[in-house]
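Below is one structure, written out as structure tokens, with a few remarks after it.
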Amino acid sequence: MEKITPGIAVTVAPSIVRITAPNPGVMTGPGTNSYIVGESELVLVDPGPEIESHVSLLTDTVRGRLKWIVCTHTHLDHSPAARHVKAATGARIAGRVAEQDGRQDTTFQPDRVLEDGDTISVEGVTLRALRTPGHASNHVCYLYEQQQLLFTGDHIMQGSTVVISPPDGDMQAYFASLDKVLAVELQTLAPGHGRFITTPHDEVRRLIAHRLKREQKVFDALVQKRTATIEELVPLAYDDVSEKLHPVARRSLHGHLIKLTREGRVRESEGTWHLASR
């Protein structure tokens with residue numbers, strides 16, 4: 001099994017070089033993946049965090065060929081390096097801006113705001129924007145049409161599930177965005193964290209099943225408690241997860257509760273959650 005080592009430029013597929021930032025952790029796995037796509041002209045997908053050694057390696061690797069920097073979303077481990085790479089290369093930035101919630105890159109200023117279906121093209125490479133809100137309201141995946149490969153950012157991660165943090169994160173939108181990926185003809189997923197995934201639709205179905213199973217545990221925990229705060233539900237709904245991760249799990253649990261509320265299954269009153277029939 002491939003071991004990802006930060007700080008090294010690795011050719012992972014024809015015309016695709018991966019450079020993983022030196023920011024490993026619970027939320028980032030081995031680090032944030034930046035992908036350099038193309039040959040004579042290049043697109044950089046997710047420049048990553050504002051780490052000097054990472055920015056230097058990116059700019060050294062593209063060597064004057066970079067035309068576009070595209071960002072999947074503006075969380076602090078994905079987009080802050082964009083302005084530095086732009087300053088060093090003159091490349092243009094594309095992506096979308098999100099409302100500030102304390103987790104967004106406040107420096108992100110795209111030269112082009114992408115809508116669903118828009119394309120970024122350089123010689124031999126076409127990236128098609130696939131809007132996939134859920135993990136973040138401004139999340140965009142990029143389909144490399146020539147290889148049927150999808151750069152997934154944090155929409156789909158290898159070896160882990162993503163956190164949905166309301167209010168910018170939206171569990172209902174996340175499910176819809178997973179369904180959207182199922183409708184795309186794909187060979188490979190290139191995630192923002194971890195290795196390539198070569199069974200893309202199987203992985204998406206696994207994620208949907210996992211999320212539905214977790215949602216059922218959230219609902220069952222509320223049935224058991226009758227009325228409860230989020231803090232009281234976390235140990236029941238995430239009893240298979242280390243307590244160290246419960247503060248993170250709390251966010252996704254909140255996302256599930258909001259989705260269940262919209263579906264009319266639960267209701268909330270002053271921070272306390274109940275079954276809708278009670």
On a 0 to 90 degree scale, rounded to 10, what angle separates helix 246-262 from the longest Cα axis of the chain?
70
Compute the angle between helix 200-225 and the longest alpha-carbon principal axis of the chain, please, reported from 0 to 90 degrees and rounded to the nearest 10.
30
From Cα pairs below 8 angstrom and at least 6 apart in sequence, can you work out the relative contact order of the chain, rounded to a whole percent?
12
Taking loop as defined by DSSP and a crowding limit of 13 other beta carbons within 10 Å, which GluC sites (Glu not before Pro) in segment 155-229 fit?
185
Can you compute the radius of gyration and Dmax for segment 69-121, using only the Cα atoms, both in Å?
10.9, 33
What value, in deg cm²/dmol to 500, does the helix sum -39500 (n - 2.57) over DSSP H runs of n ≥ 4 give at 222 nm once divided by the residues of the chain?
-9500 deg cm²/dmol
Rounded to 5, percent antiparallel among DSSP beta bridges of the chain:
75
With +1 on each Lys and Arg Cβ and -1 on each Asp and Glu Cβ, and nothing else charged, work out how big the dipole of segment 9-198 is about its Cα centre, in Debye to the nearest 20.
340
So which trypsin sites (Lys or Arg not before Pro) in segment 199-249 end up in coil per DSSP with only 13 or fewer other C-beta atoms within 10 Å?
226
Which entry in [x] 88, 54, 34; [y] 69, 37, 32; [z] 63, 37, 35 is this structure's computed Cα extents along the principal axes in Å?
[z]
Using the 10 angstrom Cβ neighbour count as an exposure proxy, how do 256, 246, 78 rank, fewest first?
246, 256, 78
As an exercise, identify the trypsin sites (Lys or Arg not before Pro) in segment 32-133 lying in DSSP coil whose Cβ has no more than 10 other Cβ atoms within 10 Å.
63
If you rank 243, 268 by fewest surrounding Cβ atoms within 10 Å, what's the result?
243, 268
Centre separation in Å (Cα based) which lies between segment 249-278 and segment 179-204
30
Each residue of segment 2-19 in turn: what ³J(HN,Hα) in whole Hz from Karplus with 6.51, -1.76, 1.60 and θ = phi - 60°, glycine and Pro shown as x?
5, 9, 8, 10, x, x, 10, 7, 10, 7, 9, 6, x, 6, 10, 10, 10, 10
Which angle between 0 and 90 degrees, to the nearest 10, do you get for helix 52-62 versus the longest principal axis of the chain when only C-alpha atoms count?
50
Can you sort 186, 245, 44, 149 by how many other beta carbons sit within 10 Å, fewest first?
245, 186, 149, 44
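Throughout, read-outs are computed from the coordinates displayed, never taken from laboratory work. These numbers were taken from a predicted model, which means no experiment stands behind them. Positions of Cβ are backbone-derived with ideal geometry, glycine not excepted, and every protein chain shown enters the neighbour counts.
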